[in-house]
Each structure stands twice: as C-alpha cells, then as structure tokens.
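See structure below.
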Amino acid sequence: APEQFLNAELSWLEFNARVLALAEDPRTPPAARLRFLAIFSTNLDQFVMTQLGALKQLVALGRAGPSADGLRPQETLDAVAVRLRPLLARQGRAFHTLSRDELAPRGLGIARWAELIPAERARLREWGADQLLPFLTPKALTRAPGHPFPLVSDRRIAVLVALRDHAGGPVHYAVVEVPEALPRFVPLDDGRRFLPIEELVRATLDLLYPDREVAAAHAFRITRSGDLQLDEASTANFLQAIEEELARRQQRPVVRIEIEAGTPPRLQELLQRELRFEESERESTLSPADVYEADGPLALGSLWEIAASLPAPDYPPFTPREPFAAGRPVAEQLDERDVLVHHPYDAFPGTFERFVTEAAADPDVAALKLTLYRPGGPGGPGGGGASAIADALRRAAASGKDVSVVVEVKARFDEARNIEWARGLERDGIHVVTGLVSLKTHAKLALVVRRGAGGRVRRYAHIGTGNYNPDTARVYTDLGLFTADPRITADVHALFNELTGSSRAPRARLRHLLVAPAELLDRLLALIEREAAHARAGSGGRIRAKLNGLADTAVIQALYRASQAGVDVDLVVRGICTLRPGVPGLSERIRVVSILGRFLEHARIYHFGNGGADEYYIGSADWRPRNLRRRVEVVAPVFDTAARVQLDRILEADLANPTAWLLSADGSYEQGAATPSSQ
C-alpha cells in the first residue's frame with residue numbers, strides 16, 4: 001500500500017537537510033562548516049540534474065504513473081518545491097551567520113565589492129583587465145539575423161547585462177558567461193578574503209562595453225537535466241557513444257534557474273522567456289516554480305576552493321593506522337589471517353595501494369585483476385594520488401603479468417575521467433572492459449594470482465565497500481576485506497572470468513559471494529525470511545545493517561514481515577530511506593538512524609543473527625532497486641573471527657551514537673533521539 005512507503009525524493013531532501021544542519025551547528029569547526037555548505041550545494045546540484053530532471057521528463061512525456069508512495073511525478077515535483085525553498089533560506093542564513101560570527105572577526109571569508117577599499121578595487125580592476133576580460137565573450141540576447149540564441153552552459157556562473165547605447169536609449173540585453181578555467185572566488189591581496197568572480201565581472205563591465213551604458217547586471221546560473229540518453233543495446237563503441245552524449249549534455253533541457261537576490265522580476269521573466277525560446281524545438285518544462293533566488297553568492301559548492309586555504313579552525317588532524325606490518329609482504333601476512341581495514345582510520349596507501357604495488361613488483365605474481373568505478377584523478381603518469389594504482393598496473397603489464405581491469409565508464413558525472421582511465425590503461429597493453437549493456441559494474445574487487453613455494457598457486461582478494469580512490473578514502477568511511485581464504489578467492493576469480501569473458505551479466509551461482517543482479521536480491525530476501533522463521537520458532541531474530549540507502553520495495557516488505565514476526569531490525573541508513581519505521585502492526589520493531597559527521601559514512605554491513613550462528617557480510621550494494629537490479633554488485637561473507645568482532649563494534653557504536661538522527665514514521669528526523677531497540 002502507498003502509505004507504507006516514504007517518498008524517495010523527499011527522503012533525499014531530508015538527508016541533505018541533515019548535511020545542512022552540520023553547517024549550521026556552531027559546534028562544527030568553521031572550516032568544516034564551509035565544506036558542509038559546499039557539500040549541501042553540490043548534492044543539490046546533482047539531485048536537480050538527475051532526480052528532478054527525470055521527473056520533469058516523465059511529466060513532459062505524459063508518463064504520470066505513481067511511485068511506490070502513491071505520488072505522481074508532478075505531485076512529487078510540487079512537494080519538492082515546497083520543501084526546497086525553506087532549505088535554501090536556511091542555507092543563506094547559515095552562510096551569513098558563519099561569515100559574520102566566525103570568519104569576519106578573524107579577517108576571513110568572502111568579501112563584496114562594496115566592502116573593498118579603493119586600493120583593493122584598483123588592483124582587482126587591473127587584474128580583471130589582464131586576466132579576466134580576455135576570457136569573456138558577451139553574447140547578445142536578440143533574435144536579429146546572424147545572432148543565434150546564446151547557449152548558456154550548465155552550472156556556469158553568468159551575468160545578465162542590461163545595456164543602453166546612449167543615456168535614455170532603449171534597453172537591450174546580453175549574457176556574459178564566466179569560463180570554467182577562471183577561479184570561482186578571486187583571492188584578495190591579504191590571502192584571507194575572496195571576491196566572488198561575478199562581482200569582479202560586474203565591476204569591469206565598463207571595460208567590456210566602453211561605449212555603452214550598463215544599466216544593470218545580475219548574476220545567474222542554470223542547471224540542465226544531467227542523465228545521459230544512451231541506447232546501449234545498439235551502441236558499437238561505449239567510449240565514443242558516451243563522449244558524444246557528454247557533448248550533448250550542454251544542450252539538455254534547463255530544469256532550474258538560480259538568480260541572485262534583488263534581480264528585478266522583469267529580468268527574471270526575461271531570462272525564463274529566453275531560455276524557453278532556446279528549447280522551442282522541444283517541449284519546455286521550465287516555469288516560475290523553477291526559479292530560485294539565492295540569498296548570498298551562487299554556486300556555494302565552490303566553497304571547497306577556499307575552505308582548505310583559510311586559516312580557520314578545523315577538525316584536529318589524525319594519523320591513520322597501518323594494519324599491515326612493515327618489512328613483510330602483504331601476501332605473506334594474508335597467508336596467516338584475513339585483514340579487515342576501516343578507512344580513513346586505516347591508511348589507504350599502506351593497505352590497498354601497497355597490496356597492488358607489491359603484486360605488480362612480485363615476480364611470482366602471474367595475474368592482477370581489478371574493478372574501477374570512481375578511481376579519481378587522471379589515470380596517466382603524474383595524475384595525482386590515483387596514479388599510484390595506475391602506475392602499478394602499468395608496471396605489472398610491462399613485466400608480463402596478465403592484467404585485466406573493468407573500468408565502468410557510465411559512472412555518473414565521472415564518465416569523462418573514467419574514459420581517460422580506460423584509454424590510458426589500454427595504451428599500456430592492459431586488457432580493459434568498459435562496461436556491460438544496461439548495467440553498471442559497481443562492485444569493488446581486486447584479485448592477485450600468485451605462484452608460491454613449491455609451485456602452489458595462491459589467490460589473494462580484496463572486497464571493498466568504497467571506490468579505489470585515494471582522495472575519497474581520506475574522507476569516506478569504508479571497509480575492505482583482504483583475504484586468501486579459498487572460499488572467497490575462488491568465487492572472486494570465477495566472477496572476474498565472467499566479467500572479462502562475456503558481454504552478459506554474470507550468471508554463475510557462486511558458493512559464497514552474493515552477486516547482483518543475478519541472485520543478490522533473492523538471497524537477501526531469503527536471509528531476512530530466515531530471521532523471521534527463527535523469531536516465529538522462538539529462537540530470536542535479529543537484523544542489523546549499515547547502508548547508504550534503502551528504497552527497494554521488496555526488501556522493505558520483507559523487513560515489515562520480519563518485524564511482524566518478532567525480528568528486531570536496527571538499520572543505519574545515511575541517505576534515502578523509504579521505509580516507515582515504528583508503525584504499529586507493521587514496523588514497530590524496526591529502528592532507523594542516520595549518522596553524518598566529519599566523514600561521509602559509506603560502508604555497507606549486513607548482520608543476521610541466524611539463531612546464534614551470526615553471519616556478517618560487507619560489500620558494495622545498498623538496498624535500492626538500482627543496486628539490486630541494475631548493477632553488478634558483490635557482497636561477501638566475513639568468516640574471520642577478529643573481523644566479525646570489528647564489524648560488530650562498528651554497528652554497536654553507530655546504533656548508540658548520541659549524534660545519530662532517528663527516523664520517524666512520518667519521514668522526519670530528530671537528532672539525539674536514537675535509543676537501542678529491545679533485544
């Protein structure tokens with residue numbers, strides 16, 4: 001029934017509201033509050049591009065069927081708009097409060113042109129004339145012959161300029177777009193304050209239009225629908241097709257207009273009208289409801305640029321652990337026991353990067369296999385932290401090892417970077433698979449095949465919850481299991497054989513790994529039902545899980561049945577959750593908490609009590625339709641006793657976290673209200 005489910009889009013907004021709460025919290029260090037404001041803004045950009053863009057497309061196509069919660073696409077859009085505007089007002093207040101109370105007293109933060117002294121203005125105008133104006137191309141808003149409507153780029157700062165040829169003359173308009181190559185915030189001489197680039201553009205328009213009168217100038221920013229429209233079944237070359245579609249992304253429909261506060265209504269209406277005219281060849285969904293006034297600078301996602309450079313208080317530094325002993329090869333240590341690592345508390349360079357680089361240099365290693373979903377910086381030499389992995393793979397291939405890499409080029413918003421990885425690795429003789437039709441390979445897997453003493457073949461595997469990305473490994477909490485257990489490594493090897501040896505989704509039923517889309521969902525439902533059977537038999541029932549998202553209706557219904565059977569269900573769900581907990585007769589034994597803080601909680605852990613014979617799993621899959629039905633995902637059992645104890649401690653700590661947010665049946669969250677369920 002629809003009333004059993006929360007709306008996914010509204011649940012996502014609740015998640016981003018919790019991110020914003022961290023930016024509002026005076027207990028959060030000022031530099032971190034800037035970053036949380038940036039995360040809130042970047043999250044919202046992607047939400048608008050994807051979820052709202054898809055909903056608008058459904059409306060335009062007349063596909064108005066309801067989602068599981070009963071809301072139709074237009075109803076969801078309306079509900080989002082009602083919820084979103086108060087959030088944006090909170091964001092503006094949070095930015096101004098932080099600037100006024102924390103940054104300005106330290107002489108830090110974002111300045112406005114009106115606040116600068118004459119000497120600062122003169123220096124900035126000089127810099128602008130030399131470093132800014134050569135990159136600006138004013139584009140007239142006119143339907144005169146020879147002047148096509150200017151294509152305004154997605155998520156780019158632009159200025160709508162009102163001009164007169166002479167005093168008292170008629171007004172005409174132009175758009176001045178700020179190129180991506182220019183900084184979002186221009187540092188002032190003291191290095192402690194920054195000026196938004198649109199302020200400098202506005203202050204130098206007289207240099208751009210020396211013979212005209214600038215009547216008004218207001219900054220704006222548009223967001224276009226972001227999902228790629230790719231017919232994978234008929235595509236002969238994934239890389240070429242995705243590159244072509246990426247180029248067309250700049251022509252996708254506009255789904256949001258952000259404009260600075262104080263822009264006159266007539267200019268807002270002009271901008272809407274002109275953007276709708278741009279889409280005259282297709283049905284535009286743009287309306288006044290898609291226009292948002294920003295109380296403060298636009299594109300606060302760029303606060304990342306200055307958060308690291310400001311000498312403002314931040315979280316204290318810490319030194320990650322090194323779980324592998326120095327002086328002994330990782331493979332030798334894995335021959336003795338499994339090792340479960342927990343990033344960023346365990347160092348990524350000293351664990352996964354060391355695992356790969358040692359394998360590349362080991363003359364006894366015959367093969368190295370890897371999946372890459374969001375590996376980060378360029379895949380070429382000197383391409384940043386990610387190049388340690390890329391360089392190791394190249395050295396392995398150059399030494400004659402069999403190196404195979406599955407690079408998922410359809411990873412949303414990382415398509416271009418992943419194409420660069422794929423082509424770079426291919427140039428170095430590495431066998432690269434760039435995806436499966438209609439599926440994303442989201443699994444985090446690595447396998448090393450080594451010939452040991454006496455010619456005995458040994459396999460070593462890593463199964464993770466996070467991407468093989470050294471940058472995100474410093475700010476995401478993720479888990480990784482290193483193992484030489486043949487029960488796991490044989491399954492990992494068999495799965496790689498399917499990924500590289502077939503163009504179809506993996507189909508083999510493995511003995512221990514749970515693999516989507518073939519069987520993970522069915523086996524997960526069976527595990528939940530087994531707990532319900534234990535509860536009905538009087539031998540208890542317990543489910544605990546840590547996830548990024550929970551929205552699969554089949555899984556939610558199974559959890560409801562388990563709750564009704566007497567199973568205690570404790571869930572740590574960071575983001576979207578469409579399950580309604582605590583509903584009498586339906587889910588009163590289910591508790592859902594969300595944890596946000598210094599690090600992004602990204603690990604996935606499943607625990608099933610199994611009548612006292614506890615089972616623990618980690619892997620790449622959330623309990624969402626896309627993970628269980630449209631991606632290649634891997635979840636692995638954890639057999640090692642010490643690793644299981646470590647997983648139990650993580651779950652217990654999360655469920656008892658005093659800063660956790662407790663989900664109510666109506667979809668709202670309350671911080672500090674989480675208490676353990678009855679055991």
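The values are calculated or read from the model by the stated rules, or taken from the named source; none is laboratory data. Because the structure is a prediction, the values reported are computed rather than measured. Glycine also receives a Cβ, built like all others from the backbone with ideal geometry; neighbour counts cover every protein chain displayed. All accessible areas refer to the heavy atoms of the entire protein, side chains included, with ligands and DNA or RNA removed. Shrake-Rupley method; radii C 1.70, N 1.55, O 1.52, S 1.80 Å.
Overview of results
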| read-out | value |
| --- | --- |
| Estimated FRET transfer efficiency when R0 is 45 angstrom, pair Arg511-Ala89 (beta carbons, to 0.05) | 0.25 |
| Ranked by how many other beta carbons lie within 10 Å on average, peptides 412-421, 205-214 from highest | 412-421, 205-214 |
| Arg451 versus Gln250: modelled label distance in nm, points set 7 Å from Cα along the beta carbon direction | 5.3 nm |
| Residues with amide H under 5 Å from that of Leu141, placed H, sequence gap 5 or more | Tyr173, Ala174, Val175 |
| Accessible-area composition of the chain, carbon plus sulfur, in percent [1.4 Å probe] | 51 percent |
| Crossing angle, helix 415-427 versus the chain [Cα axis fit, 0-90 degrees, rounded to tens] | 60 degrees |
| Global geometry of segment 544-672, whether rounded, prolate or oblate, following the gyration tensor of its Cα atoms and the 1.5 cut on a/c | rounded |
| Derived scalar couplings ³J(HN,Hα) [segment 466-475; Karplus, 6.51 cos²θ - 1.76 cosθ + 1.60; whole Hz; x for Gly, Pro] | x, 6, 7, 9, x, 6, 5, 5, 8, 10 |
| Relative contact order of the chain, defined on C-alpha pairs under 8 angstrom at six or more residues apart (%) | 11 percent |
| Highest to lowest packing among 554-563, 502-511, 312-321, scored as the average C-beta count within 10 Å | 554-563, 502-511, 312-321 |
| Rounded, prolate or oblate (a/c below 1.5 giving rounded, otherwise prolate when a/b exceeds b/c) for the chain by Cα gyration tensor | prolate |
| Per-residue HN-Hα couplings for segment 172-186 [Karplus 6.51, -1.76, 1.60; θ = phi - 60°; Hz; x = Gly/Pro] | 10, 10, 8, 10, 10, 9, 8, x, 5, 5, 8, x, 5, 10, 8 |
| Among 522-530, 215-223, the order from most to least packed when residues are scored by Cβ within 10 Å on average | 215-223, 522-530 |
| Amide H contacts of Ala366 (H built 1.01 Å from N, under 5 Å, at least 5 apart or other chain) | Val449, Arg450, Arg451 |
| Å² per residue, accessible surface of segment 82-213 at 1.4 Å | 50 Å² |
| Over 32 Å between alpha carbons, listed pairs Lys401/Lys546; Lys440/Lys546; Lys56/Lys410 | Lys401/Lys546 |
| For a label point 7 Å along the Cα-to-beta-carbon line of Ala181, residues of segment 98-135 with backbone N under 19 Å | 127-135 |
| Within segment 280-426: Cβ-based charge dipole about Cα centre, in debye rounded to nearest 20 (Lys, Arg +1; Asp, Glu -1) | 380 debye |
| Under 16 Å from the Glu670 label point (7 Å along Cα→beta-carbon), backbone N, segment 585-604 | 591-594 |
| Assigned charges on the beta-carbon of Lys, Arg, Asp, Glu; the chain dipole about Cα centre (debye) | 880 debye |
| Phi-based couplings in Hz for segment 577-582 (Karplus 6.51, -1.76, 1.60; Gly and Pro marked x) | 9, 9, 7, 9, x, x |
| Sequence-distant residues sharing a close amide H with Val632 (under 5 Å, placed H) | Lys440, Thr441, His442, Ala443 |
